[in-house]
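Enquirer: Here's a structure for you.
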Amino acid sequence: MTPSPLTAFAGKRKVAAGNLHAVAQTLKELVTTEPDAQILIFNDDNGQQVDLNLHGSLAEILQRLPRAQGAVEETLATAAPRTAGRPKLGVVAREITLLPRHWEWLATQPGGASVALRKLVEHAQRDNRSVDEQRQARETAYRFMSALAGDEAGFEEASRALFAGQREAFLTQVASWPTDVREHVLQLAQAAWSAS
């Protein structure tokens, strides 16, 4: 998996963007010159805030960061001895509850209940991809704007327009927001609007 891109703000000003290591380096320089800066870092894939310990030297900060994914996988491959039996396929067992008629139908499916459920989930994911992407974009934009624009004029109206899929109303409400905040929320919400 590719690490998520990050964007950092000092107050309402965008101060860094990129991968974790690049953002950490930029922010360390910033806190050196502006020790009172109120920094918030966001994951651009989901809008959630990211914690980053900026105490110590740049070398210490970078040392605390996770290593590259390839290095982690290589370490796991050499550390875990291979065992006999079926290979692990990444299957996760969890409890689900269904009505009796659902269990009866699943019992008649080739491959059993697990295979039938996996196929149903795959079909649903494929058939709902655009709807899921729009929902994810709306949730991502909302998380970000709640953190940085919750006190801005038109926030409530912008939130309603975002979740209603009303692009023009949303654009009108965010027009007066600080430039960096407005541009970033528009970037995050880009996939939230239907293609029609």
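So that you can scan it fast, the table gives a plain yes or no per residue for (1) over 23 Å from the mean Cα position of the chain (by Cα); (2) in a helix (DSSP H, G or I); (3) surrounded by fewer than 16 Cβ atoms within 10 Å (Cβ to Cβ):
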site	(1), (2), (3)
124	no, yes, yes
146	no, yes, yes
157	yes, yes, yes
170	no, yes, no
183	no, yes, yes
188	no, yes, no
194	no, no, yes
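Enquirer: Also, I was wondering about something else. Among (1) modelled with pLDDT of 90 or more; (2) surrounded by 12 or more Cβ atoms within 10 Å (Cβ to Cβ), which single condition is residue 100 missing?
Expert: (2)
Enquirer: Answer yes if at least one residue in region 52-64 is assigned to a helix (DSSP H, G or I), within 20 Å of residue 143 (Cα to Cα) and not β-branched (Val, Ile, Thr), and no otherwise.
Expert: no
The values are calculated or read from the model by the stated rules, or taken from the named source; none is laboratory data. Because the structure is predicted, anything quoted here is derived from the model rather than measured. Virtual Cβ from ideal backbone geometry, glycine too; neighbours counted across all protein chains shown.
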